[in-house]
Every structure is written in C-alpha cells, then in structure tokens.
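S.K.: Dropping a structure here in structure tokens format, bear with me for questions.
The values are calculated or read from the model by the stated rules, or taken from the named source; none is laboratory data. These numbers were taken from a predicted model, which means no experiment stands behind them. Please note: Cβ atoms are built from the backbone with ideal geometry, for glycine as well, and neighbour counts cover all protein chains shown.
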Amino acid sequence: MHFNLPKLPTLLIRNYILPILAICAIMALAAYTVYQQIYIKQNIEKLSTEFSKVKKTQEDFSQNFAEDLFNDHLLVSGEINTEQNLASLQSEIEQLKSSDSETTISEIYKLYADFQTKIKRNSDSKLDTASAMENLNNWGQQLLGGELDIVKSSITDQISQLDASYQKYIDSLPKPLAPASVAGYSYTTVNTEKGKFGVSLFKFAMSDVKVKTVSANSENCKDNCPTKSLETYVKENGGFAGINGTYFCPPDYSSCSGKVNSFDYAFYNSSHNKWLNKSALTWSKTGLMTFNGTSVKFYRKSSDYGGGGVTAGISNYPSLLEDGNYVVRLEDLTSYQKDVRGPKGFIGIGGSNIYVGIVYGATVPEAAYAVRALGVKDALNIDGGGSSAMYINGGYVVGPGRSLPNAIVLTR
C-alpha cells in the first residue's frame, strides 16, 4: 500500500520556497565570509605575536650568549644576507633554546670563547694558527644546521691541538739559570708523584724580609686599569726582589674587552694601607695570605679571614696546600688550569721561610705537588703564563712578562 503525495503548485514553489532557499544560501555565504575574516584576523594576530617572540628571543639571546660571538657566526655563515633570513635564523634559535639543546649551545659558546683566547695566545707566540682558523666557516654552517654535537667536538679538538702546540713551544724555551751572585734565588728540579718539574725560587727566612703587596691603582678599577713593570714596583717600594701578583685581565685577551687590566681579587695596597676589592674577602673559592710585619697567616678560604691589622695581603685561586696537604679542588678550576702545562706562580710558607716562585711545565694541580716537594706547608696559586716575572738585585731572572696591575715585593 502506498500513498501518492500531492504535487506542490508551481506558484508556491516559485513564490515562496525558492526565495527561502536563496536567502538561506546567502546567509550561509555571509556566515562563511565572517568566519574567514575572523580566522584571518586570528592568524594575523598569531603571526604578530610569534614575530614579537622572535624579536624578543633575539634580544635575549644576544644578552645570554656573548653578542660578539653571535655576530661572528652570523658573518661566517655566508647565508645571512636579508632580514628574512635573519628572522628565520632567530626562529630556529628559539626552537633550539626551547629544546634540550640549550645546554649544548651554551657549552659551544664557552668553548668558542676559549678557542678565540688560545688563537690569540698562539698567534702572539708566533705559532701557526691557520689550520685552526680554517674551521670557522664549517662551524658556522654546522651550527645553523643544528649539528651541535659535531661543532662541540670539533672546537674541543682544535683547542686541544692549540694547547699541544703551545705546550711544545713552552717546553722548547730555555730554562732560566740562577746568577751565581744572587743569594736567595735558585733554579731547582723537584721529583714528585706527578713527574719532574723545574722551579725558579726565592727562599728567605721570614725574619729577614718584609712583604709588600702593591698595585698601580689606589682605588677599585674595572677597566683600562693602570699597570707597571715588576722592576718599577720593586724600585718604587724600596725592594730588592719581586714577583707578579694576582690573575688579571690582560689587553691581549679578546675576552677581556671592557675590563682590561682589571682584577677581582681582594688585594691589600701596602702603599695606601687599604684593601682593594674588599668584598672579595667573603669569597670561599679563593685563598688568602696576609702579612703583618714579619708574621704571616694563611687562609685556605678568603671567607675565613676575620679581619685584623695587616701590612700586606693577596688573595687568588686556588689554594694549593694547607699544612702540607694537597687542597686543590679540580671542580673549581678552569680547563686552562687543569689541562694546560706552563709556568705557574705561587707564594707559600714552610717552617720559618717564605717561598715565592714559578713552576715550569705544570698544570695548577701538578704545581701544588711541586711546591710541596720544596718543603712548603701552606701555598697559594698566583698568576703565571705570559705574566710570569721574577726580579732580584737589579735584574730579571724570569720575565719581564706583561705590565702588571699588582705585584708582590720583598724588602729587607
């Protein structure tokens, strides 16, 4: 059984149904158009937000990672020629920084800073650096390609080769010989469980000498600080002998831009009877040695110093020995201190004597063993390398090295 539906009149279809369908279609089209406008607007806002994030990321990146290194890599890439490419790179950096690769990127830039410093060091020593420099363009391309582990490994390898070349150069230098007429100075060789080391040494009874710690600046200095030769320090302060002082930021290190010839360590200016960088007396990773006339005190940690009258004082890092015990903490050292052998300075006391000198062909940890073999009980590491200098009775027995912001002077 079925029913036949009545046919709708043609007039009804033409006058009512078709207009209604047309209105529905127009409304649907209008709704779709509004949807598209909203969608496009949202995407424009999203793109604008992302662009702002990219610009902010570029600013943060330049602050968090050395700006000069960032710009160097942009230059060597050979591909960053337009604003569009720069924006693309910044976007890639954002992705890298938000990923697990952030730590690796930070390590790469620290290694690159070390690489630049050692390129400068080797170049100043007239050593060949051409093969190392050839890697720069490859590193730029690999960095942009995200090959972070390859870049890190390659820079590390080049640093090792630069260190090996420099060490070979240091080992080839003639060792200083003690002038026969200079009492209190000797060049000696010591045997330790870490090997054999040569040492240029001043050794005097504390009752016979007075120590002065002197600097070219009378106030704290952060950049373009004044310097003097070791000879000048000795002569100006009525001394007969002297040695270079704390670590400082020399002008021939690219990483020292903006802090040339400055030093951060607590240092007593004997000429002006005042502490420089006094806040550094609270540091726990530096050691401290103070003098009051012919008496001396050693502090493994500068923060252990409780104040009191002094006539001289020097802090630096690390402490080498305390009561004859090896106290170097490897985790506190730089890679240069741990891995690169060269001249290492020290000041120490043992029994009733003061010891001041340079250990040759040693890392800082190895220098501690060499100093202990001399009979020293308490010892502090001081500057060495290209700043190494020892002066006595009118002449240099080591150096003259660099012009120094501070020095240790011995007077009768």
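S.K.: Run down N269, N277, N273, N292 and say which single residue is surrounded by 17 or more Cβ atoms within 10 Å (Cβ to Cβ) and either more than 25 Å from the chain's Cα centre (by Cα) or not assigned by TED's automatic domain parsing to the domain that holds P365 (or both).
M.R.: The unique qualifying residue is N269.
S.K.: For the range 251-262, how many residues are surrounded by 15 or more Cβ atoms within 10 Å (Cβ to Cβ) and more than 13 Å from the chain's Cα centre (by Cα)?
M.R.: Adding up the residues that qualify gives 3.
S.K.: Here's a follow-up. Failed condition for C221, given (1) within 25 Å of the chain's Cα centre (by Cα); (2) surrounded by fewer than 19 Cβ atoms within 10 Å (Cβ to Cβ), with all others met?
M.R.: (2)
S.K.: Right, here's the next one. Looking at the range 336-376, which of the residues that are modelled with pLDDT under 95 and of a type in the set (F, W, Y) is farthest from V199 (Cα to Cα)?
M.R.: Y336
S.K.: Here is a follow-up. Taking the criterion of being out of contact with any helix residue (DSSP H, G or I) (no Cβ under 9 Å at 6 or more places or on another chain), buried (at least 17 other Cβ atoms within 10 Å of the Cβ) and among the aromatic types (F, W, Y), would at least one residue in the range 303-310 satisfy it? It would help to see each step written out before you state the result.
M.R.: Step one: filter the range 303-310 for residues out of contact with any helix residue (DSSP H, G or I) (no Cβ under 9 Å at 6 or more places or on another chain), giving 304, 306, 308-310.
The next check asks that each one be buried (at least 17 other Cβ atoms within 10 Å of the Cβ); those that pass are 310.
Those left that are additionally among the aromatic types (F, W, Y): none.
So far as the range 303-310 goes, no, none of its residues is out of contact with any helix residue (DSSP H, G or I) (no Cβ under 9 Å at 6 or more places or on another chain), buried (at least 17 other Cβ atoms within 10 Å of the Cβ) and among the aromatic types (F, W, Y).
S.K.: Could you list, ordered by first residue, the pairs with Cβ atoms under 8 Å in which the first is in the range 322-340 and in the same structural domain as D383 (by TED's automatic domain parsing) and surrounded by 14 or more Cβ atoms within 10 Å (Cβ to Cβ) and the second is in a loop (DSSP other than H, G, I, E, B) and among the β-branched types (V, I, T), at least 6 apart or interchain?
M.R.: Qualifying pairs under 8 Å: Q337/T363; K338/T363; D339/T363; V340/T363.
S.K.: Turning to a different aspect of this structure: Can you tell me which residue within the range 180-222, out of those that are out of contact with any helix residue (DSSP H, G or I) (no Cβ under 9 Å at 6 or more places or on another chain) and β-branched (V, I, T), is nearest to W275 (Cα to Cα)?
M.R.: T213
S.K.: Please note which helices (runs of 4 or more DSSP H) are completely contained in the range 111-187 and include at least 3 residues that are over 23 Å from Y360 (Cβ atoms) and modelled with pLDDT under 80.
M.R.: 136-144
S.K.: Among the residues of the range 237-260, are any out of contact with any Leu (no Cβ under 9 Å at 6 or more places or on another chain), at pLDDT 90 or above and not in a loop (DSSP other than H, G, I, E, B)?
M.R.: So far as the range 237-260 goes, no, none of its residues is out of contact with any Leu (no Cβ under 9 Å at 6 or more places or on another chain), at pLDDT 90 or above and not in a loop (DSSP other than H, G, I, E, B).
S.K.: Taking only pairs six or more apart or across chains, which ones have beta-carbon atoms under 7 Å, a first residue in the range 274-295 that is without any contact (Cβ under 8 Å) to a residue 60 or more places away in the chain, and a second residue that is in a strand (DSSP E or B) and of a type in the set (S, T, N, Q)?
M.R.: Sorted first by the residue in the range 274-295, then by its partner, the pairs are A280/S315; T286/S315; T286/N316.
S.K.: Residues of the range 200-233 being closer than 15 Å to Y396 by Cα and in a strand (DSSP E or B), which ones?
M.R.: Within the range 200-233, S200, L201, F202, K228 qualify.
S.K.: What is the residue count in the range 370-400 for residues that are over 11 Å from E231 (Cα atoms), of a type outside the set (A, V, I, L, M) and touching a residue at least 40 places away in the same chain (Cβ under 8 Å)?
M.R.: Here the count works out to 10.
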